[in-house]
Amino acid sequence: MTRAHTRTLADDPLGGTVRRTVLPSGLRILTEAVPAMRSVSFGVWVAVGSRDEVPALSGVSHFLEHLLFKGTRRRSALDISAAIEAVGGETNAFTTKEYTCYYARMLDADLPLAIDVICDLIADSVMADADVETERGVILEEIAMHDDEPDEEVHDVFATALFGGHPLARMISGTVETISPMSRRQIKSYFHKRYQPPSIVVAAAGNLDHGQVVRLVKDTFARSDRLADGAAAEARRVVGAGAGGVPRPRTGAVRVRGKDTEQAHLVLGGPSLSREDDRRFALGVLNNVVGGGMSSRLFQEIREKRGLAYSIYSYVTQYADSGVFGVYAGCAPGKVDEVLSLTREELGRVAAQGLRDEEVARGKGMLKGSIVLGLEDTGSRMSRLGKGELLYQDMLGVDEILERVDAVTPDEVRTIAAEVLGGPMSLAVIGPFAEDDFTSRF
């Protein structure tokens, strides 16, 4: 049998010692030892998300995230939460369009408990019929709650405008129409097919010992034939290679969801860079200056100078094979035309002229600061390991990332601005409007 392989990835002055072990099954375990910290964060990352689902099973990845906390053969749902809370820890999970994560954070002395509990969820979940029905009700309530939050809902409407019928356009939670009939058999089959060792990354950060983490993970996963160290290694699942193929983002699309709201919510944006694109650092600088903070162009022009919106910001979302640049604004319905016009003018100005040198310097400082400040807690360090291993071919060290940011030039930002901001965009709006209120003038 192939032996486990361990190597040191980094001994970073801004971080700790990062080590990586690959077990014969294909399971990857990464740790960052930071002895000065008294806490640890532990997470299991799985390369499956909503874009991996067929239409009839839309929301199944998120359904699984809920269901695994309902109990294992060794613990009830109450046992799971009580064990973590009894030592002052916290545990949770989240699902995205391309991956799912289960995690816990607690005192360093309680790391063995965190590993046992979180790995037990992945290895030995019961998925009882009664629990499926209970969580079905919870998820349907979650969908209804989301519909009452237009500032969040508008991003889903925008995804539909931009990605059309591609899985990236679907809601992570699924819909009432897909969640209501979903069976335990379908969920369990999806679980066993997708939660395989080569598609799983275990990450931990804090005051820990790498060898102990590896041993404890192996011991807990040994209870499952599917996850045990002797399991036959399958091909690693490529994150983003799910159903629907490569997306073809659309421009010029308009989606309006008419609601009697006191405030209008809009997102204007278009296609951007994928996460493997080396120009992503220049894009990050651009985003910070355009709408990434209180000193940004959009915030200053639309909120500070004119008082047209309480909230306005730009953002970047990157996927394996595509990306999004968007601007969100929330304003009075009567001010939508002015806000939209000013936003388009500012984006067009940046696309044509680029940014001033001092703006580029400020955007670089903002980006570097957010990276370094994010290393102040073990949760962020653990997430950097998990996402870095799962999503990128080569995980960069902190110093390497800062060097990449420092190397960004005004010309590079100008080129990205012309590419990302210079073309036609799509629009999503929620408020007291009809579809043709915008299609005739967009």
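Just to be sure, is GLY330 part of a helix (DSSP H, G or I), more than 21 Å from the chain's Cα centre (by Cα) and surrounded by 18 or more Cβ atoms within 10 Å (Cβ to Cβ)? Answer is no for this residue.
Tell me, yes or no, whether segment 49-61 has at least one residue that is in a loop (DSSP other than H, G, I, E, B), outside the structural domain of ARG384 (by TED's automatic domain parsing) and acidic (Asp, Glu).
Looking for residues that are in a loop (DSSP other than H, G, I, E, B), outside the structural domain of ARG384 (by TED's automatic domain parsing) and acidic (Asp, Glu), one finds at least one in segment 49-61, hence yes.
When the residues of segment 344-385 are narrowed to those that are of a type in the set (A, V, I, L, M) and touching a strand residue (DSSP E or B) at 6+ places or on another chain (Cβ under 7 Å), which ends up nearest to LEU396 (Cα to Cα)? Quick ask: steps written out before the conclusion?
Kept after step one, since they are of a type in the set (A, V, I, L, M), are these residues of segment 344-385: 347, 350-352, 355, 360-361, 366-367, 371-373, 375, 382, 385.
Imposing the further condition that a residue be touching a strand residue (DSSP E or B) at 6+ places or on another chain (Cβ under 7 Å) reduces the set to 382, 385.
Numbers: MET382: 14, LEU385: 10 Å.
Per the criteria, the residue is LEU385.
Scan GLY379, GLY374 and give me the residue that is without any contact (Cβ under 8 Å) to a residue 12 or more places away in the chain, closer than 22 Å to LEU208 by Cβ and in a helix (DSSP H, G or I). Quick ask: steps written out before the conclusion?
Values: GLY379 fails: without any contact (Cβ under 8 Å) to a residue 12 or more places away in the chain.
Residue meeting the stated conditions: GLY374.
Of all the numbered requirements in (1) in contact (Cβ under 8 Å) with a residue 40 or more places away in the chain; (2) farther than 15 Å from VAL339 by Cβ; (3) of a type outside the set (Asp, Glu), MET294 misses one, and that requirement is (1). Just one residue in the set LEU64, LEU78 is assigned by TED's automatic domain parsing to the domain that holds PRO112, farther than 18 Å from GLN196 by Cα and at pLDDT 95 or above; that residue is LEU78.
From PHE69, PHE94, which residue is closer than 30 Å to GLY244 by Cα, in contact with a strand residue (DSSP E or B) (Cβ under 9 Å, 6 or more places away or on another chain), assigned by TED's automatic domain parsing to the domain that holds SER189 and surrounded by fewer than 16 Cβ atoms within 10 Å (Cβ to Cβ)?
Values: PHE69 fails: surrounded by fewer than 16 Cβ atoms within 10 Å (Cβ to Cβ).
Exactly one residue qualifies, and that residue is PHE94.
All conditions in (1) surrounded by fewer than 17 Cβ atoms within 10 Å (Cβ to Cβ); (2) touching a residue at least 60 places away in the same chain (Cβ under 8 Å); (3) more than 28 Å from the chain's Cα centre (by Cα) hold for GLU338, with the sole exception of (2). Can LEU68 be described as in a helix (DSSP H, G or I) and either in contact (Cβ under 8 Å) with a residue 60 or more places away in the chain or over 22 Å from LYS387 (Cα atoms) (or both)? No; evaluated as a whole, the condition is false for this residue.
The values are calculated or read from the model by the stated rules, or taken from the named source; none is laboratory data. Please read these numbers as outputs of a predicted model, since none were measured by experiment. Positions of Cβ are generated from backbone atoms using ideal geometry, with glycine treated the same way; all protein chains shown enter the neighbour counts.
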